[in-house]
Every structure is written in structure tokens, then in C-alpha cells.
Amino acid sequence: MRRTALLAAAAALAVTGVVVPATVAAAKPPPGSESAIRSLADDPAQRAAAAADQAVASGLDDLRVSPNETYRRTAVTPGGGMYYVTYERSYKGLPIVGGDAVVVTDAGGRVRDTEAASGALPLGVPTSPAVSAETATETAKTVLSRVDDTAAPRLVVLAWGARPRLAWEALVSGIADGKPSIQHVFVDAATGEIADSYDQVKAGTGNGYYYGTVTINTSGSGSSYSMTDSTRSGLRCGGQNGSAYTGADDSWGNGGGTNLETACVDALYGVQREWDMLRDWLGRNGINGSGGGFPARVGLNDVNAYWNGSYTNFGHSQDNARQATPIDVVAHEFGHAVFQTTPGGAGSGNENGGLNEATGDIFGSLTEAYANNPNDPPDYQVGEEVNLVGDGPIRYMYNPSLVGDPNCYSSSIPRTEVHSAAGPLNHWFYLLAEGSSPGGGKPSSPICSGGPSSVSGVGIQKAGKIYLGALQRKTSTWKYVNVRTASLAAAVELYGASSAECAATKAAWNAVGVPAQSGEASCSSSGSDFSLSLSPTSGTVTPGQSATATVATSTTSGSAQTVSLSASGLPSGATASFSPSSVTSGGSSTLTIATGASTPSGTYTVTVTGSGSSGAHTASYTLTVSGGSGGRTFTNGTNYTINDLTTITSPITSTATGTAASPVQLSITISHTCAEDLRIRLQGPNGTWYTVKSSGGSSCTSFGTRTYSVPVTQTAAGTWTLEVRDQYTYDTGYLDSWSITL
């Protein structure tokens with residue numbers, strides 16, 4: 001099995017996507033094809049590809065290459081209203097490692113930015129090796145203490161480093177420094193020396209943490225279930241053999257720290273929250289950006305967790321009392337997958353590796369904030385919930401020096417171990433998200449020598465959008481200075497050159513010592529402005545109770561101004577008050593949300609607005625009103641006949657207010673002798689479909705009454721439709737009734 005997987009990985013080195021010639025003609029429809037012309041005009045992805053191909057063909061900016069080089073388009077990825085068109089490069093038919101490029105276009109097909117990992121190669125790079133492939137493989141094996149498998153090397157031009165050179169890229173797997181390792185080793189094809197290498201296994205450390213009773217998406221029905229997410233392609237969890245855990249019911253784990261099924265509950269809960277965060281906060285489709293994800297394994301016999309380029313693997317704490325599967329660790333490892341599946345791939349070198357590690361921490365903090373689980377409040381610490389090896393948290397994003405990692409960028413970063421080299425980027429992200437003195441119980445963050453006197457944060461969601469926009473510009477040779485220029489370009493793209501977000505992005509980089517670069521986007525402030533933030537950003541009450549939050553303001557440019565406060569989006573029976581009702585920017589106020597005895601249960605997004613002379617800024621507070629169903633359960637008792645190979649739909653109109661409390665609860669009664677014949681879906685008021693039950697099985701069982709929990713992101717009010725499809729012949733029946741609790 002290892003051999004097959006490794007050879008597949010080696011094959012993926014040569015082909016990373018659908019390849020289209022980098023010419024304008026190749027992207028256009030053939031002459032006379034009017035329908036194809038209309039398709040190009042109507043499809044923004046095609047317009048993006050055509051514009052990017054033209055930019056490449058014309059050698060725009062850093063895309064200029066020598067006559068011996070050719071670009072090939074590999075992907076067009078949407079995100080944040082932009083399209084990121086990626087390319088790989090070859091020299092006389094040989095792949096150039098470090099020759100990748102990204103062209104950023106808008107939906108109208110206008111080129112907004114270009115990034116290239118390296119410039120044109122000099123003439124005369126040799127293409128005939130003096131060292132054989134076999135010799136290169138033997139040399140590559142020396143980076144491992146134990147070799148388990150190898151794949152045939154490929155001949156490449158290595159553009160990383162001081163000069164381009166012909167090299168063999170060999171893939172070897174086994175053990176290095178006592179840890180699993182899959183090494184890409186570049187052997188100089190002229191001298192036989194190792195020119196460069198990088199480990200595909202991105203190791204991290206973490207803690208075991210349990211979130212109690214949670215809802216996770218699995219698959220199956222009747223008496224056969226699997227820890228495979230039927231709604232998020234590629235996500236599943238199981239043991240070290242790679243197969244998902246299965247069971248006779250849809251109840252998983254026992255809550256014990258050594259129980260591996262429990263570890264998979266935590267792992268799936270974490271990555272499903274990360275998937276939803278990427279979708280809801282950052283506009284990314286799945287972990288890989290194109291609707292896909294990757295498996296997770298638990299039971300690794302190591303005090304560690306890692307991503308190996310194909311799946312995540314989670315071990316245990318040093319005392320072996322719990323598994324390394326809390327949200328921040330799970331999201332960190334899948335954050336490596338995001339890094340790998342954005343342009344430029346995994347990259348090479350300690351500085352690039354440090355950026356990769358910090359990316360994991362950033363997506364861990366984003367996911368922790370999105371989930372906002374009371375058992376694990378957002379805190380910008382990594383591994384904080386357990387004493388993994390007797391030293392407490394393993395990293396502090398707001399002050400990396402607390403565990404000996406550098407807060408500030410310096411010339412030593414390229415020689416710093418990758419987890420420590422993550423320090424300045426982690427520090428930058430915290431400053432951008434929260435600021436240097438955020439208040440509200442959040443820790444202050446130091447500023448490096450030569451930096452600004454203070455930094456005002458823009459909120460973690462905006463910081464995440466800016467960083468993902470930077471990642472979409474990543475190349476394989478990314479370094480800290482490249483992240484600076486890419487994030488500033490993303491901030492301008494998202495919020496404008498005169499925005500507080502652009503100014504904060506630049507100030508945060510200055511605060512961690514990454515120097516300004518020639519040609520970087522400028523952030524020009526236009527007069528006075530302020531920022532607005534909440535702490536906490538969510539709360540849970542029962543009807544009749546109150547929730548409070550601190551509304552903090554800060555002057556981000558110019559002079560202080562009076563900011564008037566208001567709130568909208570409250571559920572019925574609830575009121576909001578501010579004390580005081582207006583502040584001078586830089587001051588704070590207390591928000592109190594009081595609910596009445598008749599306020600319906602549910603989750604509501606309350607928008608707090610601060611209005612000043614320069615305009616208005618908003619922040620969101622998530623209010624959860626708990627209690628009984630309170631008029632939020634609706635039923636359709638009409639009978640619908642279910643014939644073979646037919647589909648029936650049954651609607652329910654909800655008058656509940658606010659946001660549907662996810663997961664919604666369904667109770668379905670069907671008279672049918674073969675439940676395995678039936679596929680059931682739920683459509684929300686906004687038109688989104690959710691899979692409730694898949695069809696299939698080796699035997700037939702009676703359906704009867706069954707209950708389901710369905711995670712949704714919907715308003716509660718409107719028409720909810722249950723769809724039942726009989727996929728096979730011989731058994732028929734009818735839908736007796738169904739109900740939904742919102």
C-alpha cells in the first residue's frame with residue numbers, strides 16, 4: 001500500500017491540474033462558435049483565465065521568461081470576488097521547481113496583480129545529467145535514518161537558491177529523527193550533491209480535549225454507519241489503517257481520553273468547524289478551495305500530530321491520557337493542507353516552513369474563534385487546554401517570546417527552526433486582528449523596536465480574509481517580505497487603499513520588524529476614522545435574562561470623534577441599551593441585551609453600529625436564547641405516496657424568528673418496508689439543500705419514525721421542504737408526517 005500511495009504522489013509532482021496552453025487563442029472559443037463566445041462572456045472564470053493567459057503571453061511584470069521557457073495554466077480559483085489563476089513553468093520541456101506564478105484578476109477579466117516565484121532563467125542551463133537517477137536515489141536516502149519506500153526520481157530545473165541548476169527530484173519515505181518523514185530531495189545532476197530538500201510531513205504538537213456532546217456529520221442509516229462526512233467531500237476519520245470507523249448506530253465515542261472513536265469525534269468536529277469557517281468567513285470552498293477535504297487518522301503512537309500531504313494524523317499527550325485532537329490542533333494540521341493547496345504548494349526552507357507553521361496556527365485561531373465553544377474559548381494560544389509535556393501552551397501568538405520564539409523578524413529567521421520561525425507571522429496576525437492593546441480581557445501584544453507606538457486591530461474575520469487573500473498570491477519561494485506585499489495587496493483589494501484595514505495591515509508588519517518593500521501597495525488615510533469591536537462577541541441566555549458586552553472604539557486616523565451606538569437584529573421581546581449611548585473614539589461602552597419571557601429560543605446575529613462624522617462601522621454579536629422549543633417546532637401531517645423511482649416533496653412554512661438553531665432537529669415518520677431505498681434531503685428557505693439520509697444497503701429495514709440532526713446556516717422563517725426519493729424498485733410506501741424544530 002505504501003508503494004502505491006508513494007508512486008501516486010510522485011505522479012502528482014508532474015501534473016498538478018488541467019493544463020491549457022498559455023495563449024489567448026487557447027482560452028477563446030473556435031471561430032464561428034457563438035454559443036462558446038456567449039459562454040466566455042457569461043463565465044467570469046473563463047474571462048479570468050483568458051485575461052491571465054494574455055498577461056502571461058505578453059510577459060507582464062515579473063512574468064517575462066526566456067525563449068526556452070513555457071508557462072502552463074494549472075487552476076482558476078475564485079475567492080473574495082477575485083480569481084487567482086496559477087501557472088507552472090518548464091524549461092526545454094523540464095519542470096522548473098520554483099518557476100510557479102499567480103495572476104490575480106477580477107470578475108470582469110481585468111488583471112489586478114501578478115506574482116512570480118522567480119525570474120527568467122539564464123541561457124545555457126544544462127538539460128543532460130551527469131549523475132544517474134539510481135545514484136540520485138541512493139543519495140536521497142541518506143536524509144532518512146530508516147527508508148521504507150522510494151519512487152523513481154524526475155529530472156527538473158531547480159530555481160530555488162542562488163542559481164538555477166539541473167537536479168533530480170527524488171521522493172523517499174521513512175523515519176527521520178524518530179518521526180515519520182516523506183522527503184523531497186533535490187540532488188544536483190552535475191555534482192551529485194544534495195542541493196535542497198523539504199519534508200512533506202508537516203509536524204505539529206497539540207493537546208487532547210473533549211467538547212462533550214456535539215453534532216458531527218457522518219453517513220449511513222439503519223444499522224450501518226460510518227465516520228465519513230457525507231456533506232463535505234473527503235472528510236472521514238478512523239485509525240492508522242486509513243479506514244473510517246464504522247458502527248451499528250450513529251452514536252460515537254465514550255468521552256474517554258484514550259478512546260480513539262472519541263478522538264475522531266473531536267477531529268471531525270474540529271475540521272467541520274474549519275470547513276464552515278472557511279465558507280462563512282473567508283469564502284473558500286472546502287479545505288482545498290475546490291470543494292474537497294482530506295481524511296484524518298487517530299491513534300498515532302507519538303506525542304505529536306502531523307499533515308503528510310495526503311491526510312492528517314493525531315497522536316496523544318505525553319502522559320498518554322488524552323488524544324491530540326482539540327480544535328486548534330486539528331485546524332492547525334488542516335491549515336497545512338490549505339497552505340499546500342493554495343498557489344505555490346508547500347515550498348522549501350526554514351523561513352517558508354515557518355510561514356507554513358504559522359498558517360496552521362492562524363487557521364487554528366480562526367476556527368477556534370468561529371466555533372466559539374465555551375469549553376475552549378478563543379485565546380490565540382496553541383495547545384492551551386492540556387499540559388502536553390509539562391510546559392503549558394506550546395505557542396502564544398500574541399507574544400511568541402513567552403516560549404522562547406522570536407516576536408520580531410530578523411536576518412536569522414531563515415536559519416531558525418520552523419515552529420520558532422512562525423513567531424513573527426503569528427505576532428503579526430494577532431496585532432492585525434486584535435491590536436496591541438485590545439482590552440476586554442484580551443492580552444496586550446508587544447511592538448518590536450522601530451515599530452509604531454500602537455496598532456489598532458480590525459477583527460479576526462477581516463484579518464483572516466486579508467491573510468487568505470495573501471495566500472492566494474503565494475509562490476513556492478515565499479518569504480516574510482513576500483507575505484507583507486501580498487497581504488497589503490489583498491487589503492487594498494478587499495477594503496481599499498485609504499481603509500483602516502490597509503493601514504492596520506501595514507502597521508502590524510512594521511510592528512514585527514518586516515521591512516517595507518519597493519512597489520508594495522500604499523495605504524493612504526483620508527481624514528479621521530475609528531474602529532469598533534466587541535468583547536465578548538457572543539453570549540447565551542434563557543428568556544428573561546440579560547447578556548452584556550464591552551463595545552470598544554479606537555481612533556485609527558486623524559482626530560477623535562463622537563461615536564453614537566445602536567443595535568439591530570434583535571429577536572422579538574428583546575431590547576438593547578448602551579451605557580453610555582455615545583463615546584469619544586478611544587472610549588468604551590457597555591452593551592446590555594435584555595430578553596423577555598416570551599423571547600423565542602434560537603440563535604440571532606445582533607449588529608452593533610457606531611456612527612461618527614467619518615461614517616459608520618459595525619460589529620456582530622451572536623446571541624443564543626436557550627430553552628424549550630417555544631413555538632419553534634412545525635409539522636406537516638399530510639400523507640404523500642412514495643412510489644418506486646419517484647420523488648415527493650413536503651413543505652413546512654416556519655414563522656419562527658431569527659436564525660435557525662443549528663443543527664435543526666427533524667422527526668420523520670414513513671411507512672415503508674425498505675428504508676435503504678430512500679434518499680432524504682432538506683431544503684432551507686434560501687434554497688440550500690442538505691443531505692439528511694443517503695440510500696443504499698445490503699438488506700431492508702422498516703423506516704418507522706426516525707430523528708435526525710441537520711447542521712444548517714439559515715434564517716428560521718420561510719419554507720422548509722423535505723424531499724424523499726425512492727431510488728430502487730419493489731418496495732413502496734408513504735410519508736406519514738414530519739416535523740422540524742428550529
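Ser524 meets each of the listed conditions (1) crowded, with 18+ Cβ neighbours inside 10 Å; (2) under 21 Å from Gly451 (Cα atoms) apart from (1).
Across the stretch 726-742, the qualifying residues are those that are in contact with a Ser or Thr (Cβ under 8 Å, 6 or more places away or on another chain) and not in a strand (DSSP E or B), and the one among them that is most open to solvent (accessible area, probe 1.4 Å) is Tyr728. With respect to the stated conditions, Thr359 is polar (S, T, N, Q) and open to solvent by less than 20 Å² (accessible area, probe 1.4 Å). Given the condition touching a Lys or Arg at 6+ places or on another chain (Cβ under 7 Å) and farther than 21 Å from Arg165 by Cβ, answer yes or no: does some residue in the stretch 56-63 qualify? Scanning the stretch 56-63, I find no residue that is touching a Lys or Arg at 6+ places or on another chain (Cβ under 7 Å) and farther than 21 Å from Arg165 by Cβ, so the answer is no. Answer yes or no: is there a residue in the stretch 259-269 that is in a loop (DSSP other than H, G, I, E, B) and either at pLDDT below 85 or open to solvent by 50 Å² or more (accessible area, probe 1.4 Å) (or both). Checked against the condition, which is being in a loop (DSSP other than H, G, I, E, B) and either at pLDDT below 85 or open to solvent by 50 Å² or more (accessible area, probe 1.4 Å) (or both), the stretch 259-269 yields no hits at all. Restricting the stretch 577-595 to residues that are farther than 15 Å from Pro536 by Cβ and open to solvent by 40 Å² or more (accessible area, probe 1.4 Å) leaves a set whose member that is nearest to the chain's Cα centre (by Cα) is Gly586. Got a number for residues in the stretch 669-715 being assigned to a loop (DSSP other than H, G, I, E, B) and open to solvent by less than 20 Å² (accessible area, probe 1.4 Å)? Looking only at that region, the number is 5. Only one entry of Ser173, Ser118 meets the criterion of being touching a Ser or Thr at 6+ places or on another chain (Cβ under 9 Å) and part of a strand (DSSP E or B), and that entry is Ser173.
Could you tell me whether any residue of the stretch 508-528 is in a strand (DSSP E or B) and either over 30 Å from Thr633 (Cβ atoms) or touching a Cys at 6+ places or on another chain (Cβ under 7 Å) (or both)? For the stretch 508-528, residues in a strand (DSSP E or B) and either over 30 Å from Thr633 (Cβ atoms) or touching a Cys at 6+ places or on another chain (Cβ under 7 Å) (or both): absent. Look at Ser230 and say whether it is surrounded by fewer than 16 Cβ atoms within 10 Å (Cβ to Cβ) and under 28 Å from Val712 (Cα atoms). No, not satisfied. Scanning the stretch 596-623 for residues that are buried (at least 18 other Cβ atoms within 10 Å of the Cβ) and part of a strand (DSSP E or B) yields a count of 11. Checking Thr70 against (1) closer than 30 Å to Ser173 by Cα; (2) at pLDDT 90 or above; (3) open to solvent by 20 Å² or more (accessible area, probe 1.4 Å): exactly one of these is not met. Which one? With respect to (1) closer than 30 Å to Ser173 by Cα; (2) at pLDDT 90 or above; (3) open to solvent by 20 Å² or more (accessible area, probe 1.4 Å), Thr70 is out only on (1). Only residues that are over 17 Å from Gly354 (Cβ atoms), assigned to a loop (DSSP other than H, G, I, E, B) and open to solvent by 40 Å² or more (accessible area, probe 1.4 Å) were counted in the stretch 380-427, giving 5. For the stretch 491-506, a residue qualifies if it is touching a Lys or Arg at 6+ places or on another chain (Cβ under 9 Å) and either among the polar types (S, T, N, Q) or free of Cβ contacts under 8 Å to residues at least 40 places away in the same chain (or both), and the qualifying residues are Ala491, Tyr495, Thr505, Lys506.
Every residue, every condition in (1) on the phi < 0 side of the Ramachandran plot; (2) buried (at least 17 other Cβ atoms within 10 Å of the Cβ); (3) in contact (Cβ under 8 Å) with a residue 24 or more places away in the chain; (4) not aliphatic (A, V, I, L, M), yes or no:
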{"residue": "Met277", "(1), (2), (3), (4)": "yes, yes, yes, no"}
{"residue": "Arg284", "(1), (2), (3), (4)": "yes, yes, yes, yes"}
{"residue": "Gly289", "(1), (2), (3), (4)": "no, yes, yes, yes"}
{"residue": "Val298", "(1), (2), (3), (4)": "yes, yes, yes, no"}
{"residue": "Asn301", "(1), (2), (3), (4)": "yes, no, no, yes"}
{"residue": "Ala305", "(1), (2), (3), (4)": "yes, yes, yes, no"}
{"residue": "Phe314", "(1), (2), (3), (4)": "yes, yes, yes, yes"}
{"residue": "Ala324", "(1), (2), (3), (4)": "yes, yes, yes, no"}
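The listed residues are Asp177, Asp188, Asp196, and the only one of them that is among the acidic types (Asp, Glu), open to solvent by 30 Å² or more (accessible area, probe 1.4 Å) and modelled with pLDDT of 85 or more turns out to be Asp196.
The residues on offer are Phe339, Phe294, Phe334, and the sole one that is closer than 23 Å to Tyr370 by Cα, outside any helix (DSSP H, G or I) and under 19 Å from the mean Cα position of the chain (by Cα) is Phe294. Taking the stretch 91-105 as the range and being more than 15 Å from Ser58 (Cα to Cα) and open to solvent by less than 10 Å² (accessible area, probe 1.4 Å) as the test, the residues that pass are Tyr91, Gly98, Gly99, Val104, Thr105. Can you confirm whether the stretch 361-375 contains a residue that is of a type in the set (S, T, N, Q), in a helix (DSSP H, G or I), at negative phi and at pLDDT below 90? Checked the stretch 361-375: no residue is of a type in the set (S, T, N, Q), in a helix (DSSP H, G or I), at negative phi and at pLDDT below 90. Assessment of the stretch 140-148 against the conditions (crowded, with 16+ Cβ neighbours inside 10 Å, in contact (Cβ under 8 Å) with a residue 12 or more places away in the chain and polar (S, T, N, Q)) yields no matching residue. All of (1) modelled with pLDDT under 90; (2) touching a strand residue (DSSP E or B) at 6+ places or on another chain (Cβ under 7 Å) hold for Ala36 with one exception: (2). Cβ separations smaller than 9 Å between residues 6+ apart or across chains give the following pairs from the stretch 158-169 residues that are on the phi > 0 side of the Ramachandran plot to residues that are outside any loop (DSSP other than H, G, I, E, B): Gly161/Ala195; Gly161/Asp196.
Scanning the stretch 445-475 for residues that are of a type outside the set (A, V, I, L, M), in a loop (DSSP other than H, G, I, E, B) and within 26 Å of the chain's Cα centre (by Cα) yields a count of 7.
Annotation: Val382 fulfils all but one of (1) touching a helix residue (DSSP H, G or I) at 6+ places or on another chain (Cβ under 9 Å); (2) under 25 Å from Thr228 (Cα atoms); (3) not hydroxyl-bearing (Ser, Thr, Tyr); the unmet one is (2). Return yes when Ser538 is in contact (Cβ under 8 Å) with a residue 40 or more places away in the chain and surrounded by fewer than 24 Cβ atoms within 10 Å (Cβ to Cβ) and no when it is not. Judged against the criteria, Ser538 is a match. Scanning the stretch 477-502 for residues that are out of contact with any helix residue (DSSP H, G or I) (no Cβ under 8 Å at 6 or more places or on another chain) and crowded, with 23+ Cβ neighbours inside 10 Å gives a single hit, Ala500. Take the residues in the stretch 552-575 that are over 26 Å from Ala433 (Cα atoms) and outside any loop (DSSP other than H, G, I, E, B), then tell me which one is most open to solvent (accessible area, probe 1.4 Å). Residue satisfying both the conditions and the ranking: Thr575. Considering the conditions (1) in contact (Cβ under 8 Å) with a residue 60 or more places away in the chain; (2) open to solvent by 30 Å² or more (accessible area, probe 1.4 Å); (3) among the acidic types (Asp, Glu); (4) more than 30 Å from Met277 (Cβ to Cβ), Glu88 is excluded by exactly one of them, (4).
The values are calculated or read from the model by the stated rules, or taken from the named source; none is laboratory data. Every value quoted in this text rests on a predicted model; they were computed, and no experiment measured them. Positions of Cβ are backbone-derived with ideal geometry, glycine not excepted, and every protein chain shown enters the neighbour counts. All accessible areas refer to the heavy atoms of the entire protein, side chains included, with ligands and DNA or RNA removed. Shrake-Rupley method; radii C 1.70, N 1.55, O 1.52, S 1.80 Å.
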